[in-house]
Amino acid sequence: MCAIVGVYGAEKASTVAYYSLFAMQHRGQEGTGISVANGKSISVYKKLGMVADVFSQDTLNHLEGTCAVGHNRYSTAGKDSKGDVQPVFAKYKLGEISIVHNGNLVNKMEVRNKLIDRGAIFQTDMDTENIIHLIAKSEKDSLVDRIKDMLTKIEGAFCLAIQSRKKMFVIRDRFGIRPLSLGKFKTGGYMVASETCAFDLAGAEFVRDVKPGEMLIFEEGKEPQSEMVYKNVDFHPCAFEYIYFARPDSDIDGKNVYETRLETGRKLAQETPAEVDLVLPVPDSGVAAAKGFADELGVPFEMGIVRNHYVGRTFIEPTQEVRDLKVKMKLSPIKHMIEGKRVAIIDDSLVRGTTSKQIVRMLLDAGAKEVHMRIAAPEIKYPCRYGIDTPTKDELISANNTVEEIRKKIGAASLGFLSIEGLKESLGKERNYSMVSFDGHYFAGGNADSPSCGDS
Ligand code: 5GP
Ligand code: MG
């Protein structure tokens, strides 16, 4: 999760970063921050809250400079993390530095404990602080060499934008797990962002995706320099970005998110069709897949459940009781459309089962004759340590129940999931996607049963 943005050589870099973070608000609502460099110093502004609430015109005017890095934070439920807002800023031997990070370092505690043994002190729980310490403690002379040195010591999923007073360094890990794209402004200057939807609002043109294992160096008066900083690139983009996390108008690694979701819906209909009169999505996350499902079956698609847009994502609340109530606060059915009908209801994923259970009950209360639940993703059986919020196995309904047991729990007439094979076909087989949540296959450190340890 989380969103990062980096802007270089743009007149009002902080404003560009602001719009980019606004476009990527879906990737994290807990806290946000921007830091700018003007060649002489770096200033940071960060706070808990949503982008539009945290920044005012006045704040942005005070963040003067042509280079900005910014971040939206998504936190793991229930965690008190007031201090964990990014960018992370520090003064060190070579001057000033500010870092934003999207992803999870899987060797966070190992690295942190080693640093602590050598006398380092930490102010937050963020794995991002490891990165800043490793750079500060490196014995190399230049910042770029210190960054490379740091990269040999961290492992996991990360996209980084690192700002010094004059330069910006952007890195995507060798697995390319989290997305990152490069854009260019007509007026000169560049930006990188977790999702391409940021370019549209910020007024940048898409150039290309940052490659797995690549570092881009931005320096005044030069085109961005590219350097492959890993020999052993092993591309595994995250399947969950396409399923749930990214915005449908974004293209990730050359593939449009909406199109991919449509395809998962079509595949789902081929694998587990349903005899129904109507196909409804769980808004908003199930919309594209439901459209694909309905198209494939030739059954009408209707937006039969209305979403109240003034309620945040339900996942964010820490306790189960509040989560239950929030589903009702957020979604409500159009009764006359549903009464007496056999309906299929499509969601993008099933995590704890809270949403599905409530929705099935809601549709039955609204008079549906039968409710058939379909999920446009495979069963989530494993926690993901690369930054998807599925923290422990006990909370994952599919890790502990068969499909039939879940069907009973949520009260549906039938329940179907997309197969892992079906998901692979929907995404295209030219790449090996990271599907940890579904197959438990870790390729960067650790195994599926070890606890989630990162938080960025
Ligand atoms: P459940 O109700 O089964 O616990 O969660 C399923 C719902 O949560 C789905 O509607 C899906 O869109 C959403 N969801 C799945 N993964 C995530 C996540 O990592 N973060 C958030 N905020 N929502 C998620
Ligand atoms: Mg949802």
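The values are calculated or read from the model by the stated rules, or taken from the named source; none is laboratory data. All figures in this text were calculated on a predicted structure; none of them were measured in a lab. Cβ placement follows ideal geometry from the backbone for every residue including glycine, while neighbour counts extend to all protein chains displayed. Ligands, DNA and RNA are stripped out before the accessible areas are found, and what is left, the full protein with its side chains, is counted by its heavy atoms. Shrake-Rupley method; radii C 1.70, N 1.55, O 1.52, S 1.80 Å.
Data table
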| read-out | value |
| --- | --- |
| Residues of segment 155-171 classified as under 30 Å from Val106 (Cα atoms) and in contact with a Gly (Cβ under 7 Å, 6 or more places away or on another chain), total | 10 |
| Flag for Ala246 being within 16 Å of ligand 2 (Cβ to nearest atom), surrounded by 24 or more Cβ atoms within 10 Å (Cβ to Cβ) and either outside the structural domain of Ser332 (by TED's automatic domain parsing) or hydrophobic (A, V, I, L, M, F, W, C) (or both) | yes |
| Residues (open to solvent by 20 Å² or more (accessible area, probe 1.4 Å) and within 16 Å of ligand 2 (Cβ to nearest atom)) located in segment 352-370 | Arg352, Thr355, Lys357, Met362 |
| Segment 154-205: number of residues that are open to solvent by less than 20 Å² (accessible area, probe 1.4 Å) and closer than 28 Å to Ser434 by Cα | 31 |
| Odd one out for Lys393 among (1) at pLDDT below 95; (2) within 13 Å of ligand 1 (Cβ to nearest atom) | (2) |
| Single unsatisfied condition, Gln270 versus (1) within 16 Å of ligand 1 (Cβ to nearest atom); (2) touching an Asp or Glu at 6+ places or on another chain (Cβ under 8 Å); (3) open to solvent by 60 Å² or more (accessible area, probe 1.4 Å); (4) more than 30 Å from Phe443 (Cα to Cα) | (1) |
| Qualifying residue in segment 408-417 (condition: under 27 Å from Leu105 (Cβ atoms) and under 27 Å from the mean Cα position of the chain (by Cα)) | no |
| Flag if Ser332 is at pLDDT 95 or above, assigned by TED's automatic domain parsing to the domain that holds Arg407 and either at positive phi or polar (S, T, N, Q) (or both) | no |
| Single residue of segment 293-315 satisfying the filter (more than 19 Å from Arg342 (Cβ to Cβ) and not in a loop (DSSP other than H, G, I, E, B)) that is nearest to ligand 1 (Cβ to nearest atom) | Phe315 |
| Boolean, Phe199 is among the aromatic types (Phe, Trp, Tyr) and within 23 Å of Asn107 (Cα to Cα) | no |
| Scope segment 1-32; condition free of Cβ contacts under 8 Å to residues at least 60 places away in the same chain, β-branched (Val, Ile, Thr) and outside any helix (DSSP H, G or I); matching residues | Thr32 |
| Number of the condition not met by Val85 [criteria: (1) part of a loop (DSSP other than H, G, I, E, B); (2) of a type in the set (A, V, I, L, M); (3) out of contact with any strand residue (DSSP E or B) (no Cβ under 8 Å at 6 or more places or on another chain)] | (3) |
| Criterion: touching a residue at least 12 places away in the same chain (Cβ under 8 Å) and under 27 Å from Ser250 (Cα atoms) - qualifying residue of Gly70, Gly39 | Gly70 |
| Residue within segment 33-45 that is outside any strand (DSSP E or B), touching a helix residue (DSSP H, G or I) at 6+ places or on another chain (Cβ under 9 Å) and either among the charged types (D, E, K, R) or under 29 Å from Ser434 (Cα atoms) (or both) present | no |
| Selection from segment 16-60 of residues that are in contact with a Lys or Arg (Cβ under 7 Å, 6 or more places away or on another chain) and within 16 Å of Met191 (Cβ to Cβ) | Ala37 |
| Boolean, Ile375 is modelled with pLDDT of 95 or more, within 10 Å of ligand 1 (Cβ to nearest atom), crowded, with 18+ Cβ neighbours inside 10 Å and more than 22 Å from Ala288 (Cβ to Cβ) | no |
| Test for Pro224: is it open to solvent by less than 10 Å² (accessible area, probe 1.4 Å) and of a type outside the set (S, T, N, Q) | no |
| Residue match in segment 382-402 (condition: open to solvent by 10 Å² or more (accessible area, probe 1.4 Å), among the hydrophobic types (A, V, I, L, M, F, W, C) and without any contact (Cβ under 8 Å) to a residue 60 or more places away in the chain) | yes |
| Near pairs, Cβ below 6 angstrom, 6+ apart or cross-chain, from segment 249-278 (under 15 Å from Ile375 (Cβ atoms)) to any residue that is in a strand (DSSP E or B) | Leu268/Arg374; Thr272/Gly416; Ala274/Ala344; Ala274/His372 |
